[in-house]
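Reviewing the structure listed below.
The values are calculated or read from the model by the stated rules, or taken from the named source; none is laboratory data. This one's a predicted model, so the numbers in the text were calculated from it and none came from an experiment. Don't worry about glycine lacking a Cβ; one is built from the backbone with ideal geometry, like all the others, and counts go over all protein chains shown. The area values use the complete protein model at the heavy-atom level, side chains included, leaving out ligands, DNA and RNA. Shrake-Rupley method; radii C 1.70, N 1.55, O 1.52, S 1.80 Å.
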Amino acid sequence: MSKQELLARPVAHIEDGRKVLRVGGIIQSVEINERHVPDVWDAMLPNVRPANALILGLGGGSIATLMTGRWGPLPITGIERDPEVVRLARAEFGLDRLDNLSIVTADAFAWVHSCAGTFDAVCVDLFHAGKLAHGALGPNFLRDLRRVLAPGGELTYNLWHSAYLDDQVRRIGAQFVVQSLDRADGNVIIRATRTC
């Protein structure tokens with residue numbers, strides 16, 4: 001295995017007194033415990049308690065843990081494509097203790113495309129090693145997201161603050177009504193609702 005391949009592998013370890021999940025050297029998730037300080041994952045939570053939620057890019061489960069802590073055991077479906085990340089999420093981040101969380105190891109794009117259900121909250125956090133997944137702002141995927149977001153539901157979308165942000169917001173705005181852009185560290189969380 002090359003050095004680059006080793007660096008890209010998911011790893012969980014303790015940093016500054018809390019467990020983190022890194023992929024490609026980039027923090028993908030953090031342990032939610034008594035030392036947790038609100039950060040980008042808190043900003044991804046919907047503004048009101050949803051009846052159910054979909055998390056695309058589950059990682060170590062920071063969003064699922066925060067959502068359950070805030071609103072109790074509402075039904076959450078978490079999609080994560082990397083089986084090693086799922087293994088670490090279960091073993092190191094305690095996701096097996098969240099009885100309300102259904103973990104699906106699958107490609108988010110294919111899963112959403114074939115999904116027949118709807119969700120009151122959809123959280124999109126499709127980064128791998130610091131890079132937004134290819135196709136995460138494609139028109140087909142955005143149409144699929146609009147279809148699975150229930151009427152009156154809320155979409156939260158994690159993006160980096162970059163020179164591409166205006167175009168990314170425009171793409172999301174073609175399928176959704178963008179309500180706000182919230183900054184959290186170097187990230188920008190887009191909140192949006194369905195157009196119809």
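Things worth noting here:
- Structure-based [θ]222 nm, the chain - -39500 (n - 2.57) summed over DSSP H runs of at least 4, per residue, nearest 500: -7500 deg cm²/dmol
- Sorting 173-181, 53-61 by average packing, meaning the other beta carbons within 10 Å per residue, from highest down gives 53-61, 173-181.
- Cα-projected label distance for A129 with R170, points at 7 Å along beta-carbon direction, nm: 3.0 nm
- Inter-label distance for H161 and S114, nm, one decimal - labels placed 7 Å from Cα along Cα-to-Cβ: 4.0 nm
- Among the protein heavy atoms, those of W71 account for about 50 Å² of accessible surface (1.4 Å probe, every chain in place).
- Take every pair of alpha-carbon atoms less than 8 Å apart whose residues are at least six positions apart; their mean separation over the length of the range 1-107 yields a relative contact order of 22 percent.
- Centre-to-centre, using Cα atoms only, the range 66-102 and the range 26-48 are separated by 13 Å.
- The range 56-158: C-alpha gyration tensor shape, a/c 1.5 cut-off, then a/b vs b/c: oblate
- In nm, spacing of pseudo-spin labels at A150 and D99 (7 Å Cα→C-beta vector): 2.1 nm
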